[in-house]
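The next block holds one structure in the form of C-alpha cells; read it before the comments.
Just so it is clear, none of the values below were taken in a lab; they were calculated from the coordinates. Please read all numbers here as calculations on a predicted model, not as lab measurements. Note: ideal-geometry Cβ built from the backbone for every residue, glycine included; neighbour counts use all protein chains shown.
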Amino acid sequence: MASNYTDMIGPMAYPLKMVAKEVEEHMLGWNIPEEHQDMVHEHWRAFPAVSKYWHYGMALVYTMLMVTSLTGNGIVVWIFSTSKSLRSASNMFVINLAIFDIMMMLEMPLLIINSFYQRTVGYQLGCDIYAALGSLSGIGGAITNAVIAFDRYKTISCPLDGRINKVQASLLIVFTWFWALPFTILPWLKVWGKYVPEGFLTTCSFDFLTDDQDTKVFVGCIFVWSYCIPMTLICYFYSQLFSAVRLHERMLAEQAKKMNVKSLAANKEDAGKSVEIRIAKVAFTIFFLFICAWTPYAFVAMTGAFGDRSILTPVATMIPAVCAKVVSCIDPWVYAINHPRYRAELEKRLPWLGVREQDPDAVSTTTSVNTSTTAPQTEA
C-alpha cells in the first residue's frame, strides 16, 4: 500500500516543486541573486512581488519629475548666478537649495533603470549611491530651508544692520553641506546604520526595520538631526519674522494716522520692504512644501523602528519617496511665481514662458520721482 502511495506521489512531486518555486518567485526579492539576498529585509519578503506595470508606471512618473526638476532648478541656478540684480547674499541660499534639489534628481536615472529591471541595479553599490544622493540632498535641503528662514528674519527684522553679507552666506552654505555629511557617510561606510532597498526594492534608504537597539538609536538620531532641528529652527525664525512684520505695519499705521494720510508705503524704502515680505512668503511656502515632503518619510521611518510595521506595505512606503521628488520639482516654480526680480529676468531671457513682471528697480525709481515731483505741489 505504501509502495502504491509512493508511486502515485512520485509523478506529482516535480509539478509541486514547480508550483512552490513559482510562488516563491512571485514574492518581493525573488529576482535578487542568492549572494545579495541579505540586502532585502524579511519584512519585504512577506509581500507579493509588484506587477511590472507598477514599475513601468513609476519609471514614467519619475521621468516626468526628472525633466521638470532639472529644467526648473537649472533655470534657477542659471538666472540667480548670472544676473547682477540677483547676486545677493540671500539669493546664494536659493542657489544652494536648487543644487540640493538637482542632486536629488540625480537619483532618477537610477530608479528608472531599476524599475525596468525590477530590482536595484548594481546591488549594494547601486543601493549605496542612490541612498547617499537622497540623504545628502534631503538633509542638506532641510537645513538650507532653516538657513533661508534665518536670513529672511535677519533681513526683515533688522534691515539696516542685520543683513547677511556674502562671506557669512558662504560660511552658512558650507555649514549646510557639513550638516548633511554625517548621516550620509556613516551608513555608507556601515559605521552606524546602513543603506538597504525599500518599498518596491527599486529605491534605497537607511535601514529602519532591523530590530536591534543600534538601529533604533540611529533612526531616532537621524529623525532629530534631519527633521526636528530644522523644523524647530524654521518655526522659530518665521514666528519672529512675522512678529517683526506685524510690529512694522502697526508702526506705519500709527504714523499714518498721526499724519492724517492713508499709507506711508509710497517711498522706495517701504516698497523694498514690501518686496522683502513677498520673498518671505515664498520662503514660507517652501517651508510648507518641506513639511509635505519629509513628514511622510519621517512617519515611515519612525513607524518602522518603533511602531506597527504591518502598515508599511510596499506601495505605502513608495509614497514618501514620490512626495519628496515632487516638492523638489515645485520649489523653483514657487520662486518663478513670487520673486519679482526673478520674474523680471525670466521675462527678459525666456519670453516664451509668458511671464510678465515690471523691473522692480524701474518701479522704485518711478515711485521716487513721482513722490519728489508731487511733494512741492502739496506744500504750495
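Remark: the F178-T63 segment gains 38.4 nm on full extension, using 0.36 nm per residue and subtracting the alpha carbon distance. Taking only the alpha carbons of the stretch 27-136, we obtain Rg and Dmax values of 18.1, 58 Å in that order.
Once both labels are positioned 7 Å from their Cα atoms along Cα-to-Cβ, the gap between C292 and S170 label points is 3.6 nm.
Taking θ as phi - 60° and the Karplus parameters 6.51, -1.76 and 1.60, the scalar couplings of the stretch 229-241 work out to 5, x, 4, 5, 4, 4, 4, 5, 5, 6, 5, 5, 4 Hz in sequence order, x denoting glycine and proline.
Distance distribution note for the stretch 36-364: the fraction of Cα pairs above 30 angstrom is 41%.
Full extension of the chain between R87 and V245 gives 54.4 nm of extra length, using 0.36 nm per residue less the Cα-Cα distance. Counted over the stretch 117-198 with a bin width of 10 Å, the fraction of Cα pairs per bin, in whole percents, is 17, 35, 23, 15, 9, 1. Taking 0.36 nm per residue of separation and subtracting the Cα-Cα distance, full extension of the segment from M302 to C221 would add 28.1 nm.
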